[in-house]
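Okay, so here's the structure we're looking at.
The values are calculated or read from the model by the stated rules, or taken from the named source; none is laboratory data. What you are looking at is a predicted structure, and each value in this text was computed from that prediction instead of being measured. Ideal geometry is used to build each Cβ from the backbone, glycine not excepted, and the neighbour counts take in all protein chains shown.
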Amino acid sequence: MKFIPAPEGYKLHRLELTRRNLEALLKKLDDPLSARALLDPDTTIIVSAVENEAHYADREPGAIYMPSTGETL
């Protein structure tokens, strides 16, 4: 995982998650003893895994477009 601050004059920061990071978060989500989080090496940002039901309890999830298939998830 890597946190990349926005360049001067820009607003968007970038958080790079590797496939390994994503797989680890999914495994942590299934582990009841896990804190279910990853912390970047510079301790700038923490990424938490939460169940869909908890996150989308009060709203619908946003659309995710898959360009190779044209499918919207």
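If you go through region 28-42 and pick out every residue that is closer than 16 Å to MET1 by Cα and either touching a helix residue (DSSP H, G or I) at 6+ places or on another chain (Cβ under 8 Å) or at pLDDT 95 or above (or both), you end up with 4.
Within region 1-29, the set of residues being more than 10 Å from the chain's Cα centre (by Cα) and under 17 Å from GLU51 (Cα atoms) comprises GLU23, ALA24, LEU26, LYS27, LYS28, LEU29.
The set of residues in region 47-73 that are among the aromatic types (Phe, Trp, Tyr) and part of a strand (DSSP E or B) contains only TYR65. If you go through region 39-53 and keep only what is surrounded by 10 or more Cβ atoms within 10 Å (Cβ to Cβ) and of a type in the set (S, T, N, Q), you end up with THR44, SER48. Suppose the filter is more than 16 Å from the chain's Cα centre (by Cα), in a loop (DSSP other than H, G, I, E, B) and of a type in the set (Val, Ile, Thr); does THR44 pass it? It is false that THR44 is more than 16 Å from the chain's Cα centre (by Cα), in a loop (DSSP other than H, G, I, E, B) and of a type in the set (Val, Ile, Thr).
Cβ-Cβ contacts under 8 Å between residues 6 or more apart (or on different chains), taken from a first residue in region 24-38 that is buried (at least 16 other Cβ atoms within 10 Å of the Cβ) to a second residue that is assigned to a strand (DSSP E or B) and of a type in the set (Val, Ile, Thr), are listed as LEU25/VAL47; LEU38/ILE46; LEU38/VAL47. Checking each residue of region 54-63 against the condition of being under 15 Å from the mean Cα position of the chain (by Cα) and surrounded by 10 or more Cβ atoms within 10 Å (Cβ to Cβ) gives at least one match.
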